[in-house]
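These notes are about the structure you will find just below.
The values are calculated or read from the model by the stated rules, or taken from the named source; none is laboratory data. No experiment lies behind these values; they were computed from the predicted model shown. For neighbour counting, all protein chains shown are included, and Cβ atoms are generated from backbone atoms with ideal geometry for every residue, glycine included.
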Amino acid sequence: MVDEVRIKADTVLPARREAVTLRTDDGLALVGELALPADRVPRATLVLLHPLPTHGGMMDSHLYRKAAWRLPALADLAVLRFNTRGTVSEAGRSEGAFDHAVGERLDVAAALAFAADRGLPSVWLVGWSFGTDLALMHGCDPIVEGAVLISPPLRWSEPDHLRVWARTGKPVVCLVPEFDTYLPPAEARRRFGADIPTADVIDFPGAKHLMVGHSDKVLDAIVSAAVPEVPTPLPRTWSGPHERRQVTIVTS
């Protein structure tokens with residue numbers, strides 16, 4: 001009999017995990033990983049767009065490694081995470097150089113093309129900080145069902161980018177920390193409300209931009225958006241096979 005354990009930051013639940021390489025139209029190879037449910041067809045797919053790489057963002061940023069380690073088992077989700085151009089993590093460095101959300105358009109396109117080529121179902125973009133700008137600017141693709149934006153700063157994206165999403169009617173869910181230094185909840189409601197009136201802005205009381213200490217609730221919100229048929233809150237314990245893993249944080 002397997003003892004029930006608390007799911008912690010270093011808990012890795014069962015999944016089929018594969019190191020993948022995404023190929024951009026300008027010839028770059030991007031480092032990534034695809035995690036699939038261990039023994040089931042995925043209900044939906046999350047394509048994760050990480051925070052600003054010049055400030056430590058990468059595919060191993062804490063919310064994203066937890067999503068990849070937990071959600072295939074807890075919510076039957078496929079999770080595709082990758083390093084945008086020039087970004088490095090334990091898995092390796094993607095080719096190219098950071099391009100201030102411009103060249104990254106091709107990185108988003110490469111990830112969506114990969115999802116399409118693999119036949120992954122019901123693709124949702126999940127952006128975090130810088131990744132939310134990439135989603136808004138470059139992610140409103142026919143393959144995409146909707147977007148979850150974690151701590152959106154609206155730094156690079158312009159109102160016209162938001163209006164593109166509004167015209168499609170695709171759902172946009174914004175997870176906004178109470179104490180976000182870039183875009184707190186009231187300002188988020190004003191700015192998103194002006195250009196995407198249907199955007200769902202969800203407050204995260206007590207949270208700051210990096211959502212430290214709020215991972216469980218963030219993952220619950222992502223699941224509720226992408227696969228509302230899966231009950232939340234997700235389980236906080238696990239009684240099956242699992243691993244413990246520490247990630248080496250690579251910064252250069």
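Counting residues in segment 231-241 that are crowded, with 21+ Cβ neighbours inside 10 Å and modelled with pLDDT of 95 or more gives zero.
Going through segment 180-201 one residue at a time, which ones are of a type in the set (Val, Ile, Thr) and over 19 Å from the mean Cα position of the chain (by Cα)? So that I can check it myself, show each step before the final result.
From segment 180-201, those of a type in the set (Val, Ile, Thr) are 181, 196, 198, 201; that's our starting set.
Once the filter is applied, which keeps residues that are of a type in the set (Val, Ile, Thr) and over 19 Å from the mean Cα position of the chain (by Cα), segment 180-201 yields THR181, ILE196, THR198.
If you go through segment 78-99 and pick out every residue that is in contact (Cβ under 8 Å) with a residue 24 or more places away in the chain and either in a helix (DSSP H, G or I) or farther than 30 Å from ARG236 by Cβ (or both), you end up with 11.
With respect to the conditions (1) on the phi < 0 side of the Ramachandran plot; (2) free of Cβ contacts under 8 Å to residues at least 40 places away in the same chain; (3) crowded, with 19+ Cβ neighbours inside 10 Å, LEU175 falls short on a single one, namely (2).
Quick check on this structure: which one of GLY127, GLY139, GLY131 is under 27 Å from ASP200 (Cα atoms) and in contact with a His (Cβ under 6 Å, 6 or more places away or on another chain)?
Details: GLY127 fails: in contact with a His (Cβ under 6 Å, 6 or more places away or on another chain); GLY139 fails: in contact with a His (Cβ under 6 Å, 6 or more places away or on another chain).
After ruling out the rest, the residue left standing is GLY131.
Is it the case that ALA75 is surrounded by 22 or more Cβ atoms within 10 Å (Cβ to Cβ), touching a residue at least 12 places away in the same chain (Cβ under 8 Å), of a type outside the set (Ser, Thr, Tyr) and under 13 Å from ILE222 (Cβ atoms)? Considered against the rule, which asks whether it is surrounded by 22 or more Cβ atoms within 10 Å (Cβ to Cβ), touching a residue at least 12 places away in the same chain (Cβ under 8 Å), of a type outside the set (Ser, Thr, Tyr) and under 13 Å from ILE222 (Cβ atoms), ALA75 comes out as yes.
Per the conditions (1) under 22 Å from ASP10 (Cβ atoms); (2) of a type in the set (Gly, Ala, Ser); (3) surrounded by fewer than 19 Cβ atoms within 10 Å (Cβ to Cβ), the sole criterion not satisfied by SER122 is (1).
In segment 129-145, what residues are of a type outside the set (D, E, K, R) and buried (at least 19 other Cβ atoms within 10 Å of the Cβ)?
SER129, PHE130, GLY131, THR132, LEU134, ALA135, LEU136, MET137, HIS138, GLY139, CYS140, VAL144, listed by residue number.
Among the residues of segment 198-224, which ones are assigned to a helix (DSSP H, G or I), in contact with a helix residue (DSSP H, G or I) (Cβ under 9 Å, 6 or more places away or on another chain) and hydrophobic (A, V, I, L, M, F, W, C)? Step through it out loud before you land on a result.
As a first pass, look at segment 198-224 and keep what is assigned to a helix (DSSP H, G or I): 215-224.
Those still in the list that are in contact with a helix residue (DSSP H, G or I) (Cβ under 9 Å, 6 or more places away or on another chain) too: 215-216, 218-219, 222-223.
Once the filter is applied, which keeps residues that are assigned to a helix (DSSP H, G or I), in contact with a helix residue (DSSP H, G or I) (Cβ under 9 Å, 6 or more places away or on another chain) and hydrophobic (A, V, I, L, M, F, W, C), segment 198-224 yields VAL218, LEU219, ILE222, VAL223.
Count of segment 61-77 residues, restricted to those that are over 14 Å from SER129 (Cα atoms) and either in contact with a helix residue (DSSP H, G or I) (Cβ under 7 Å, 6 or more places away or on another chain) or in a loop (DSSP other than H, G, I, E, B) (or both), is 7. Figure legend. Inter-residue proximity from segment 113-124: first residues hydroxyl-bearing (Ser, Thr, Tyr), second residues at pLDDT 95 or above, beta-carbon distance below 9 Å, spacing 6+ or different chains. Indicated pairs: SER122/PRO42; SER122/ARG43; SER122/ALA44; SER122/THR45; SER122/GLU145; SER122/ALA226; SER122/VAL227.
The residue of segment 31-52 that is nearest to VAL223 (Cα to Cα), among those that are assigned to a strand (DSSP E or B) and among the β-branched types (Val, Ile, Thr), is THR45. Summed over segment 1-30, the residues that are within 30 Å of ALA101 (Cα to Cα), among the small types (Gly, Ala, Ser), out of contact with any His (no Cβ under 9 Å at 6 or more places or on another chain) and assigned to a loop (DSSP other than H, G, I, E, B) give a count of 1.
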